[in-house]
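First up is the structure itself, then whatever we jot down about it.
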């Protein structure tokens, strides 16, 4: 492996952390205007396509399980989430509505950001695919199970 490739990987990770931090800060500001938090928004987003346990959601978001547990407990109490007998969390109709309102509120900002960055859909798809391959390879090397198997 060339040193340049390793250095580029480290730079990519730093860039991802910076982008994630900016995104969380802006999301928190936008969510607070709607009576929500970025943490709630993140959990609702993580549960967009499939249900998941607290551990699976925490792994997906890169957050401590305790933090996701605390926020999800509040979201269960306020009717944004439901828990199945197996322990999986899912969005309620109200949770899906709040998620869509949060997504809608951020669309203008995201459109401007993506336009100003001259980023196209296929570039984002390629970046997501690259990051997913790195996640899968890192998980395999570290012998950690995929998030969905971590609690079985």
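Only the coordinates and a few stated rules stand behind these numbers; no lab work does. All figures in this text were calculated on a predicted structure; none of them were measured in a lab. Note: ideal-geometry Cβ built from the backbone for every residue, glycine included; neighbour counts use all protein chains shown.
What shape does the chain take by its C-alpha gyration tensor, where a ≥ b ≥ c are the square roots of the eigenvalues and a/c under 1.5 counts as rounded, a/b above b/c as prolate, and the rest as oblate?
In terms of gyration-tensor shape, oblate.
Per DSSP H run of n ≥ 4, the term is -39500 (n - 2.57); total these for the chain, divide by its residue number, and report the mean residue ellipticity at 222 nm rounded to 500 deg cm²/dmol.
After summing the helix terms and dividing by the residues of the chain, the value is -23500 deg cm²/dmol.
With a 10 Å radius around each residue's Cβ, average the other Cβ atoms per peptide and rank 90-99, 40-49, 61-70, highest first.
Packing proxy ranking, top to bottom: 40-49, 90-99, 61-70.
Find the Rg to Rh ratio for region 1-67, where Rh is the Kirkwood radius over alpha-carbon pairs and Rg uses the same atoms. Numbers along the way, then the final one.
Details: Rg = 15.1 Å, Rh = 13.7 Å.
Using only Cα positions, Rg/Rh for region 1-67 is 1.10.
Calculate, in nm to one decimal, what residue 134 and residue 84 gain on full extension: separation in residues at 0.36 nm each, minus their alpha carbon distance.
Contour length minus the Cα-Cα distance gives 14.8 nm.
Report the residue, chosen from 88, 55, 104, that carries the largest GNM mean-square fluctuation when the chain is represented by alpha-carbon nodes joined by springs under 10 Å.
Among 88, 55, 104, the largest GNM mean-square fluctuation belongs to 104.
Tell me, what is the percent relative contact order of region 32-100, built from C-alpha pairs under 8 Å that lie six or more residues apart?
Answer for region 32-100 is 33 percent.
Find the relative contact order for the chain and round it to a whole percent, using C-alpha pairs within less than 8 Å whose residues are 6+ positions apart.
Over the chain, the number comes to 19 percent.
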